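Quick notes on the structure that follows.
The values are calculated or read from the model by the stated rules, or taken from the named source; none is laboratory data. This one's a predicted model, so the numbers in the text were calculated from it and none came from an experiment. When we count neighbours, we look across all protein chains shown, and the Cβ atoms used for this are built from the backbone with ideal geometry, even at glycine. Calculation scope for accessible area: heavy atoms of the full protein, side chains included, ligands and nucleic acids excluded. Shrake-Rupley method; radii C 1.70, N 1.55, O 1.52, S 1.80 Å.
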Amino acid sequence: QSLAIATCSTGSVTMTPTTLDFGSEATGNSLALTANVRSQGCDDLQIDTIGFTGNDADDFSVQNQKCYDGEWEGEMFTACQFNVVFSPSIAGSKEASLNVVFTDTNVQAATMPLQATAVDPEAPQINVSPNPIVFDTVMVDESATPQTVTVKNTGDVNLQFDTITLTGTDAAEFSFYGECSSKTFMRPG
């Protein structure tokens, strides 16, 4: 979902997502989410600065800004993608906004609300069900009926993971797929 955030004399500027929601993160940890800004029909509109305002602006930073220009349907566009990083040091609900200022002073600055809560460090809690996973007996070289496994974050902080793997002596005889395998973190609940 994108939000029209500004206009130039001949086009518009959009930002996605409309709000960055970081969920609950433990103090001392960091979480990066991606934001995008795109101008259509504004010629060579460039970002001048990206900053933060609000009581908790110091808990946020920007990394990995990448911008490119092009032409689409006969109109010039500029697109920028960057990571907004939430690094809380004190627990509590956070109030801040992302602000994008453009080099063309005739184009108003863009603002994106940031939602985040910081909690005191606690071990993330994971619940996997069913546990154990029981398969029917199958013949050699046949496949068992797939089993659905539910993974829940039952703690109060984001559960971060790099990979999901199968382990054990017979791990090669099993496989898994699903939307969890492409995620880097899971929000509480």
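Using a cutoff of 8 angstrom between alpha carbon atoms and counting only pairs six or more residues apart, the relative contact order for the chain works out to 22 percent.
The Cα atoms of the stretch 50-121 give a gyration tensor whose axes a ≥ b ≥ c have a/c of 1.5 or more with a/b greater than b/c, which makes the shape prolate. Accessible area per residue for the chain is 62 Å², calculated with a 1.4 Å probe on protein heavy atoms, without ligands, DNA or RNA.
Note on Thr16 and Ala79: the model spin-label points, each 7 Å out from Cα along the C-beta direction, lie 0.8 nm apart. Between Glu71 and Asn99, the FRET efficiency from the beta-carbon distance, with R0 = 22 Å, is close to 0.20. Taking the DSSP beta bridges with both ends in the chain, the antiparallel portion is around 90 percent. Computed extension length for Leu33-Lys183: 52.8 nm, one decimal, from 0.36 nm per residue of separation with the Cα-Cα distance subtracted.
Rounded, prolate or oblate, given the Cα gyration tensor of the chain, with a/c below 1.5 counting as rounded? Verdict is oblate for the chain. For the stretch 63-151, the relative contact order comes to 19 percent (Cα pairs under 8 Å, sequence separation of at least 6). Identify all lysines with a Cα-Cα distance to Lys94 below 16 Å; exclude those on the same chain that are fewer than 8 residues away in sequence. In chain and number order, there are no partners.
Remark: spin-label model distance Val151-Thr169 equals 2.5 nm, labels positioned 7 Å along the Cα→Cβ axis.
For the stretch 52-146, the list of GluC sites (Glu not before Pro) that fall in a loop by DSSP and count at most 16 other C-beta atoms within 10 angstrom reads Glu73, Glu122, Glu142. Atom-type composition of the exposed protein surface of the chain places 47 percent of the accessible area on carbon and sulfur (1.4 angstrom probe). Remark: the Ser129-Ile90 segment gains 10.7 nm on full extension, using 0.36 nm per residue and subtracting the alpha carbon distance. Taking the centroid of alpha carbons for each part, the stretch 95-149 and the stretch 158-178 are 17 Å apart. Here the gap between Phe161 and Asn64, fully extended at 0.36 nm per residue and compared with their Cα-Cα distance, gives a gain of 32.8 nm.
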